[in-house]
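Working notes, beginning with the structure itself.
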Amino acid sequence: MFDWLIVGAGFAGSVLAERIASQRKESVLLIDRRNHVGGNAYDCYNETGILIHQYGPHIFHTNAQSIVDYLSQFTKWRPYEHRVLSAVDGKLLPIPINLDTINRLYDLDLTSAQLEDFFASRREVVEEIRTAEDVVVSTVGRELYEKFFRGYTRKQWGVDPSQLNKSVTARVPTRTDRDNRYFGDTFQQMPAGGYTRMFHSMLNNPKIKIMLQTDYRDIQSSVPFRRMIYTGPIDEYFDWSLGRLPYRSLRFEHVTRDQEQFQPVAVVNYPQTEDYTRITEYKHLTGQKSPQTSLTYEYPTDVGDPYYPVPRAENEALFKRYEALAADVADVWFVGRLATYRYYNMDQVIGQALATFARIQKGLPAANALQAEAAE
Ligand code: FAD
Ligand code: UDP
């Protein structure tokens, strides 16, 4: 009899497995239907010996020192600040939009103060900012919205930005200085040996047994366990009884080229042309040296593994109904990006898992991890 069954070996499941095994000394069976741990953060060396991210670029960034301290038990770090260029009107321009973006796009020589006036003259008055379109047009105006955001968002999500919650494009700031980093967080570093190595270090505990290529459905009645943590899609847990929650998927095309460098930065976005949204070149993330280079092209799709919850009011309403079902299931904790239907970054999922663990330590009843966060 295992003390815990944990479904999903991504950040949510692995952090909880590590905490439960090391702090409570209880036994954990950690399962994943994939053939590896790490969830979507999984990385591996390809046939050329280049470290690639199987599920697209994962850049670690956070403002929470407690989360850095937690992960630092399992990895050393490599300084890396993420920079992204966007292919707009035949130029490669910094995104988030900043002073250089505008000066280079329009062949201007504005100062930061003049750029503030430039945005002020172009931004639209939006009574209540609700959608992913509202956020951008109310900050930089419609023309820049159309060049940098509308096409990318339509490709990425399969719907117009006016159909998505404001939180989607609010992830990308607008700057009037020359800061060309993608993230503004205080801590921006990559696990020095990669994510998968960090996961193996977290899970290296005799109290944790790992079973890969194992679906919860196939073992739920045959493996005895006392309590459970579920990090898969919440609608799937309930056999889609209330209908399907939409999750956006991606098809990844991994390519290796016989050239040392393909593009000037790790990620180039394609908001106006191409079927893919972005190309990632991994050597920029790792600093690896090689005469060859490995890239990933991301093609958004509705079919395939669930990668992104789709932030829209109607989806949130359906999630709330599943959340109500989850509240009635004793001794099962729903944690992570798929089970709490939140467009969370890695650090947010780790924070959610640690908050859940704190509730478990206090002997509180099982709940949705969002309640654990709210109680923090
Ligand atoms: P997951 O990593 O999805 O893990 C869930 C696991 O559960 C999966 O491995 C799945 O196989 C398993 N599972 C599901 N159902 C079952 C079942 N029935 N039986 C057995 N196993 C099951 N975050 C950042 O901070 N920075 C980034 O740069 C970044 N880039 C991203 C890029 C892409 C393309 C994507 C998709 C995400 C990105 N993220 C990034 C987000 C990051 O991937 C997530 O926040 C994090 O990995 C979520 O962890 P999780 O454990 O909740 O879910
Ligand atoms: N986005 C955009 N153009 C860009 C970058 C982002 O329109 O050049 C929008 C798009 O809707 C995207 C969202 O902003 O899905 C969030 O971007 P982020 O880079 O955070 O996406 P992720 O890395 O999570 O896929």
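Some notes on this structure:
- Note on residue 177 and residue 204: with the Förster distance fixed at 51 Å, the Cβ-Cβ geometry gives a FRET efficiency of about 0.70.
- The overall shape of the range 99-203, judged from the alpha-carbon gyration tensor, is oblate: a/c is not under 1.5, and a/b is no greater than b/c.
- Taking each DSSP H run with n ≥ 4 as -39500 (n - 2.57) and averaging over every residue of the chain yields -8500 deg cm²/dmol at 222 nm.
- Most fluctuating residue given options 282, 45, 344, as computed from a GNM of the chain linking Cα atoms under 10 Å: 45
- Gap separating the Cα centres of the range 236-291 and the range 316-376, nearest whole Å: 28
- Pairwise FRET efficiency - residue 78 versus residue 222, Cβ, R0 = 35 Å, nearest 0.05: 0.25
- Cα pair distances in the chain, grouped into 20 Å bins until the bin that holds the longest one, percent each: 26, 57, 17, 0
- Theoretical gain in end-to-end length, residue 303 to residue 272 [0.36 nm per residue, Cα-Cα removed]: 8.8 nm
- Packing-based ranking of 195-207, 346-358, 243-255 yields 346-358, 195-207, 243-255, ordered from highest to lowest mean Cβ neighbour count within 10 Å.
Each reported figure results from applying straightforward, stated rules to the coordinates on display, with no laboratory input. These numbers were taken from a predicted model, which means no experiment stands behind them. A quick note on method: Cβ atoms are made from the backbone with ideal geometry, for glycine too, and the neighbour counts reach across all protein chains shown.
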